[in-house]
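Chemist: To start, I am sharing the structure in question, which I have written as structure tokens.
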Ligand code: NAD
């Protein structure tokens, strides 16, 4: 099958080419992000593969379908960027990689907690400048802290297991509580209850209309003063401007973000020679108690192997007229 790979970085090319050895599809790698202006680059390609910041809106999907595309293969678990109704209307099958390495994201999240709590990033800068003072580097133990996990799916569960190992009390909110989490010693509570009880709040639910700006001015008021807030899920789960206000007032003690609601115009590119025009993002970078990374929590060798292999298996199943089990539609969500 012919596959156009949008937002293809050199590492995508390496991993997908290697995974494709067992499948023999014809791959065309495109650096461009999929959007209304670039959709025709996939003309004649039956399959198109996209990543998290590609735009799969109705006009884009209609253009793809019009030019012969029948399969949209996401190289991600999240699918909030795909208009599934438009995909169905255009006759496009959509497949994703539901699970690659929940460990990658869960471990990165713990790394953020530790880095913020113990100020690794600030200490590194100091030591490099010959400043060995400990003033301002006072941290806190993770042991005995209450961590609130919003969303105990694959990533949330791995995170809960790791945090139990640290001796944390783990509480959670999920509309579909998991027996596995309870067996790990996790206590389920309402979202409001979790926000009021947690020293650290970490988000691991998908972005949906229901979870959009889950963290907002109102829910921030419910949190403990000095709370640590971590988001390695999707940027629009939090209202960034409300979070900035809470940082300015000291209501948030530490903030860790791997995702940002307007990240699609910033992340995954080297912009070090350009002036960042997004003043909200720039303000975030000024806080000494905020750690911001560019959507890299998934980015491990293990995860990249899984993403590439599952993507190729999804495409082969479609080409053979089989279901891969990784199809998504409005009905399945
Ligand atoms: P998952 O589908 O296994 O789990 C999601 C959980 O969220 C489910 O248990 C679901 O019941 C729960 N949920 C749904 N609505 C909720 C709500 N309103 N409140 C609380 N919980 C709710 O997904 P996963 O593999 O654990 O991934 C979680 C999210 O992490 C993904 O949706 C994706 O956005 C994000 N992610 C980020 C990266 C990264 O690199 N930063 C990588 C992979 C995934």
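Chemist: Could you say whether any residue in the range 48-68 is touching a residue at least 60 places away in the same chain (Cβ under 8 Å) and either more than 19 Å from the chain's Cα centre (by Cα) or farther than 30 Å from residue 256 by Cα (or both)?
Modeler: No: zero hits.
Chemist: Would you point out which residue out of 82, 60, 97, 150 is in contact with a strand residue (DSSP E or B) (Cβ under 6 Å, 6 or more places away or on another chain) and within 30 Å of residue 321 (Cα to Cα)?
Modeler: Selected residue: 82, the only one of 82, 60, 97, 150 that is in contact with a strand residue (DSSP E or B) (Cβ under 6 Å, 6 or more places away or on another chain) and within 30 Å of residue 321 (Cα to Cα).
Chemist: Tell me yes or no: at least one residue of the range 128-135 is modelled with pLDDT of 95 or more, assigned by TED's automatic domain parsing to the domain that holds residue 214 and either within 15 Å of the ligand (Cβ to nearest atom) or under 24 Å from the mean Cα position of the chain (by Cα) (or both).
Modeler: Among the residues of the range 128-135, not one is modelled with pLDDT of 95 or more, assigned by TED's automatic domain parsing to the domain that holds residue 214 and either within 15 Å of the ligand (Cβ to nearest atom) or under 24 Å from the mean Cα position of the chain (by Cα) (or both), which makes the answer no.
Chemist: Here are some residues: 308, 297. Which one is within 16 Å of the ligand (Cβ to nearest atom), at pLDDT 95 or above, touching a helix residue (DSSP H, G or I) at 6+ places or on another chain (Cβ under 8 Å) and assigned to a loop (DSSP other than H, G, I, E, B)?
Modeler: Testing whether each residue is within 16 Å of the ligand (Cβ to nearest atom), at pLDDT 95 or above, touching a helix residue (DSSP H, G or I) at 6+ places or on another chain (Cβ under 8 Å) and assigned to a loop (DSSP other than H, G, I, E, B) leaves just 297.
Chemist: Since residue 276 meets every condition but one in (1) part of a loop (DSSP other than H, G, I, E, B); (2) surrounded by fewer than 17 Cβ atoms within 10 Å (Cβ to Cβ); (3) in contact with a helix residue (DSSP H, G or I) (Cβ under 7 Å, 6 or more places away or on another chain); (4) outside the structural domain of residue 245 (by TED's automatic domain parsing), which condition does it not meet?
Modeler: Of the numbered conditions (1) part of a loop (DSSP other than H, G, I, E, B); (2) surrounded by fewer than 17 Cβ atoms within 10 Å (Cβ to Cβ); (3) in contact with a helix residue (DSSP H, G or I) (Cβ under 7 Å, 6 or more places away or on another chain); (4) outside the structural domain of residue 245 (by TED's automatic domain parsing), the odd one out for residue 276 is (4).
Chemist: It is to be established whether one or more residues within the range 310-333 are free of Cβ contacts under 8 Å to residues at least 60 places away in the same chain and in contact with a strand residue (DSSP E or B) (Cβ under 6 Å, 6 or more places away or on another chain).
Modeler: No: zero hits.
Chemist: Could you please find all residues in the range 263-309 being under 28 Å from residue 1 (Cβ atoms) and without any contact (Cβ under 8 Å) to a residue 12 or more places away in the chain?
Modeler: 301
Chemist: Here's a follow-up. Return only the number of the condition from (1) within 16 Å of the ligand (Cβ to nearest atom); (2) in the same structural domain as residue 179 (by TED's automatic domain parsing); (3) in contact (Cβ under 8 Å) with a residue 24 or more places away in the chain that residue 94 does not satisfy.
Modeler: Result: residue 94 passes all but (2).
Chemist: Restricting attention to the range 317-333, which residues are within 27 Å of residue 103 (Cα to Cα), surrounded by fewer than 17 Cβ atoms within 10 Å (Cβ to Cβ) and modelled with pLDDT of 95 or more?
Modeler: Once the filter is applied, which keeps residues that are within 27 Å of residue 103 (Cα to Cα), surrounded by fewer than 17 Cβ atoms within 10 Å (Cβ to Cβ) and modelled with pLDDT of 95 or more, the range 317-333 yields 323, 325, 327.
Chemist: Considering the range 97-115 alone, what residues qualify as being over 17 Å from residue 304 (Cα atoms) and within 16 Å of the ligand (Cβ to nearest atom)?
Modeler: Of everything in the range 97-115, those that are over 17 Å from residue 304 (Cα atoms) and within 16 Å of the ligand (Cβ to nearest atom) turn out to be 109, 110, 111, 112, 113, 115.
Chemist: Go through (1) in the same structural domain as residue 70 (by TED's automatic domain parsing); (2) away from the ligand (no atom under 16 Å from the Cβ); (3) crowded, with 18+ Cβ neighbours inside 10 Å one by one and return the number of the condition residue 84 breaks.
Modeler: Every listed condition holds for residue 84 apart from (2).
Chemist: Go through the range 16-55 and count every residue that is surrounded by fewer than 20 Cβ atoms within 10 Å (Cβ to Cβ) and outside any loop (DSSP other than H, G, I, E, B).
Modeler: Counting residues in the range 16-55 that are surrounded by fewer than 20 Cβ atoms within 10 Å (Cβ to Cβ) and outside any loop (DSSP other than H, G, I, E, B) gives 8.
Chemist: Quick check: is even one residue across the range 139-149 within 15 Å of the ligand (Cβ to nearest atom), in the same structural domain as residue 233 (by TED's automatic domain parsing) and closer than 21 Å to residue 236 by Cβ?
Modeler: Yes, the range 139-149 has at least one match.
Chemist: Need the failing condition index for residue 142 against (1) assigned to a loop (DSSP other than H, G, I, E, B); (2) under 24 Å from the mean Cα position of the chain (by Cα); (3) within 27 Å of residue 52 (Cβ to Cβ), just the number.
Modeler: Against the list (1) assigned to a loop (DSSP other than H, G, I, E, B); (2) under 24 Å from the mean Cα position of the chain (by Cα); (3) within 27 Å of residue 52 (Cβ to Cβ), residue 142 comes up short only on (3).
The values are calculated or read from the model by the stated rules, or taken from the named source; none is laboratory data. Note that the structure is a prediction, hence the values are computed from the model and not measured. In this analysis, Cβ positions are derived from the backbone assuming ideal geometry, glycine residues included, and neighbour counts consider all displayed protein chains.
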